[in-house]
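K.L.:
Have a look at this one.
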Amino acid sequence: MEKLLGVITANYSTKYPSVLSEARPAASVPFLGRYRVVDFALSNMVNAGIKTVGTIMPYNYRSLIDHIGSGRDWDLNRKKGGLFILPGSAFGTSRTGSRFLLRDLEYNKVFLKRSEAEYVVLSSASFVYNMDLTKLIDAHAESGADITVLTQAAKAKDVDVTGFKVDGTRVHGVKHGVEFGDVAFLDCFVIGREFLLQLLDWYEQTDYLDLFEAMAADYERVNVQVYDYEGYVAPIFNKDTYFKSNMDMLDPKITAELFPADRRIRTKAHDNAPAKFETGSRVSNARVSGGCRIKGTVSNSVLGRNVIVETGAVVSNAIVMQSCVIKTGARVENAIVDRNNVVPAGTELRGTPESLLIKEKATD
């Protein structure tokens, strides 16, 4: 595994950004109360034995830097290898949502050249899944392909997910957005380091494009093979997919698959006390993080760290992020409440299952 180099790209936006991603990059959006979306890409790489990982930063990198730090929580604070913070470029003229912008890779060519790795594993930070990447890496090495991309049959229409046109197992085209049943790209692939550097030279004049867009006319000479993944996957590009993926975590079968004991998802350590459920509180089918204090009613919801639900308050079918306070008699339903908000007593924040209400992050 010393022959592997990891690169995570976080310098991108989505077609339909929400207020959740206005204050932070998509990679550092909270997930299931205690995680950030980037944790899955980082953990998948570390669990595959990759000991050198570069993370390409967006312009609004503060929350992402604060979360990953030196990489200690992923065992990447090491003298040889470890976590590298890499600069991202300004966006080019390509469509919004390019996750593997050639300009980002070109800016960091020195990082690639200085490595002695044989293969590079590249990933975005907008998909939630837990996969043994050694299977993808081994399949790439055995096939002799130039690039091996991780894919899955699309479960729904999504304009932000990249789709591939495939003949057998070989890619011969790319398209923006997927429909149900299409071959969906999970934004993870393996490529030879020397070949990646060669591609950067090929497409030097079109560095404003995404790598897979730039290759559009070259799929006949570049052997791109698909590797199908059948496990749980959640793309997180808009408020609806974000909400659905968090609600999926209320299903014990899905959480058992996503968080197996032998391949854990790591995150930044917090020294929180356990959640406290006061006498008279009612909690059902909910994920309640450490430091919470529950006096009211919580059902079918996900609560981040240090959330307080006061007596008589009701939280139903909602995501309430870190350090929020739901005051006495308040009601939050079909909603996403970003961190540090105080919902006043007697107030209702109520959306519908088809039209979620989002309360933006409060000023610290």
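K.L.:
Report yes if residue 53 is within 16 Å of the chain's Cα centre (by Cα) and outside any helix (DSSP H, G or I), otherwise no.
P.N.:
The answer is yes for residue 53.
K.L.:
Just one of 289, 301 is among the small types (Gly, Ala, Ser), in contact with a Gly (Cβ under 8 Å, 6 or more places away or on another chain) and more than 24 Å from residue 159 (Cα to Cα); which is it?
P.N.:
The unique qualifying residue is 289.
K.L.:
Search segment 217-237 for residues that are farther than 20 Å from residue 174 by Cα and pair each with any residue that is modelled with pLDDT of 95 or more and of a type in the set (Asp, Glu) when their beta-carbon atoms are under 6 Å apart and the residues are at least 6 apart or on different chains.
P.N.:
232/257
K.L.:
Residue pairs, Cβ under 8 Å, 6 or more apart or interchain, first in segment 251-262 and in contact (Cβ under 8 Å) with a residue 24 or more places away in the chain, second surrounded by 13 or more Cβ atoms within 10 Å (Cβ to Cβ) and of a type in the set (A, V, I, L, M). List them.
P.N.:
As it stands, the answer is 258/128; 258/249; 258/265; 259/265, since those pairs meet every condition given.
K.L.:
Also, I was wondering about something else. So if I check each of 72, 36, which one is touching a residue at least 60 places away in the same chain (Cβ under 8 Å) and basic (Lys, Arg)?
P.N.:
Criteria check complete, one pass: 36.
K.L.:
Would you pick out the residues in segment 150-160 that are assigned to a strand (DSSP E or B) and modelled with pLDDT of 95 or more?
P.N.:
Residues satisfying the conditions are 150, 151, 152, 153.
K.L.:
Within segment 222-259, track down each residue that is closer than 18 Å to residue 153 by Cβ and out of contact with any Ser or Thr (no Cβ under 9 Å at 6 or more places or on another chain).
P.N.:
Listed by number, the residues that qualify are 230, 231, 232, 233, 241, 244, 245, 254, 257.
K.L.:
Out of all the residues in segment 1-48, which are out of contact with any Leu (no Cβ under 7 Å at 6 or more places or on another chain), of a type in the set (Gly, Ala, Ser) and assigned to a loop (DSSP other than H, G, I, E, B)?
P.N.:
Result: 13, 18, 23.
K.L.:
Now for a separate question. For segment 195-245, what are the residues that are more than 26 Å from the chain's Cα centre (by Cα) and part of a loop (DSSP other than H, G, I, E, B)?
P.N.:
Once the filter is applied, which keeps residues that are more than 26 Å from the chain's Cα centre (by Cα) and part of a loop (DSSP other than H, G, I, E, B), segment 195-245 yields 203, 218, 219, 220, 221, 222, 223.
K.L.:
If a residue has to be surrounded by fewer than 18 Cβ atoms within 10 Å (Cβ to Cβ) and not in a loop (DSSP other than H, G, I, E, B) to count, how many in segment 335-357 make the cut?
P.N.:
4
K.L.:
Identify all residues within segment 103-149 that are surrounded by fewer than 24 Cβ atoms within 10 Å (Cβ to Cβ) and assigned to a loop (DSSP other than H, G, I, E, B); write none if there are none.
P.N.:
108, 115, 116, 117, 118, 129, 130, 131, 132, 144, 145, 146
K.L.:
Name the residue that is modelled with the highest pLDDT, counting only residues in segment 93-102 that are part of a loop (DSSP other than H, G, I, E, B) and under 24 Å from residue 45 (Cα atoms).
P.N.:
In this case the residue turns out to be 100.
K.L.:
How many residues does segment 77-92 hold that are surrounded by 13 or more Cβ atoms within 10 Å (Cβ to Cβ), out of contact with any helix residue (DSSP H, G or I) (no Cβ under 7 Å at 6 or more places or on another chain) and assigned to a loop (DSSP other than H, G, I, E, B)?
P.N.:
Residues flagged as surrounded by 13 or more Cβ atoms within 10 Å (Cβ to Cβ), out of contact with any helix residue (DSSP H, G or I) (no Cβ under 7 Å at 6 or more places or on another chain) and assigned to a loop (DSSP other than H, G, I, E, B) within segment 77-92 amount to 3.
K.L.:
Please pick out the residue among 269, 261, 275, 217 that is surrounded by 15 or more Cβ atoms within 10 Å (Cβ to Cβ) and of a type in the set (A, V, I, L, M).
P.N.:
The unique qualifying residue is 275.
The values are calculated or read from the model by the stated rules, or taken from the named source; none is laboratory data. Small disclaimer: the values here were computed from a predicted structure and weren't measured. We place every Cβ from the backbone using ideal geometry, glycine too, and count neighbours over all the protein chains shown.
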